Amino acid sequence: MDAYGPGDDAQPLHPMNESPSPSRLDVMQALEDGWQAFRRAPWAFVLFILLVAALCGLFNGIARTGMTEAGEVRGAVGGIAVLVGGIGSTVVSLWGMTGMVRGAWLALDGQRPAFAEFSRWDGRAAGRLFLRQLTLAVVLLLIIVLAVVVGLGLTRLNEALLWVPAAVALLLLAYLTVNQTFLPYVALLEGPGPMATIQRGREMVDPAWGQVLLLLLLEAVLVMAGMLLCFVGLLVAAPVVACTSTAAYRQLFGREDRTGLLG
């Protein structure tokens, strides 16, 4: 029998016909569902997180070998090392996010996902995720650049005015950080275009912005608690946070897999 096969307790956490509220997030329910989902296949979650962390550490180490202590590239060979390390860590991160979303989704559906469900590579899903994350990064960068340009212009009038665009940019960055919390899920499970993905997050999260912020704060507490318990605690905290975020996404966005990620 598969060590991660369904057991007697493998029942969905909620009825599948339960309609999610588009304007409210039950944070405590998401935390409870996330913990229960992790408990369905703890070893699969932990082993996958451990593998992803090890591979990311390996590629980051390769990139560091191509850099001097001053942050300069060590010639052509160093440039190749930096390139290989950067590409490798990016691919591993995309693979890890995709696998964790798939595993958490199956666990929330009452299954006990096998390690193969986490580790299966999906190039199309990784590509969607990469493009959407890159688009969001460009939007955030544009906000910062615009704030710097406006701030430098205002300093010619009064140096104190520099803080006005800085404060506006900070508020915009905080706002986008929260309402794009579920961008990976939208990219992986719904698959709209890059800008449509950002718009989808704004439409669905804005009515529950404060609740999503509370969710992020509680997840940060879980991660910090895991760090205080050294590396072993983080191996548990990370998948629990992933399962909790997945449960929250299902509450706000629904439970339909429109891209075939789970197939």
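Rule-based calculations on the coordinates, nothing more; no lab input. Computed from a prediction, not measured in an experiment: that's the story for all the values here. When we count neighbours, we look across all protein chains shown, and the Cβ atoms used for this are built from the backbone with ideal geometry, even at glycine.
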Could you please state, rounded to a whole Å, how far the C-alpha centre of segment 143-194 is from the C-alpha centre of segment 219-258? 26 Å
Find how much the distance from residue 223 to residue 47 grows on full extension, using 0.36 nm per residue of separation minus their present alpha carbon separation; answer in nm with one decimal. 61.6 nm
Folded to 0 to 90 degrees: helix 42-65 orientation relative to the chain principal axis, Cα: 30 degrees
Expected sort for 126-138, 143-155 on mean C-beta neighbours within 10 Å, highest first, is 126-138, 143-155
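What is the extension gain from residue 160 to residue 202, computed as 0.36 nm multiplied by their sequence separation minus the C-alpha to C-alpha distance, in nm to one decimal?
11.9 nm
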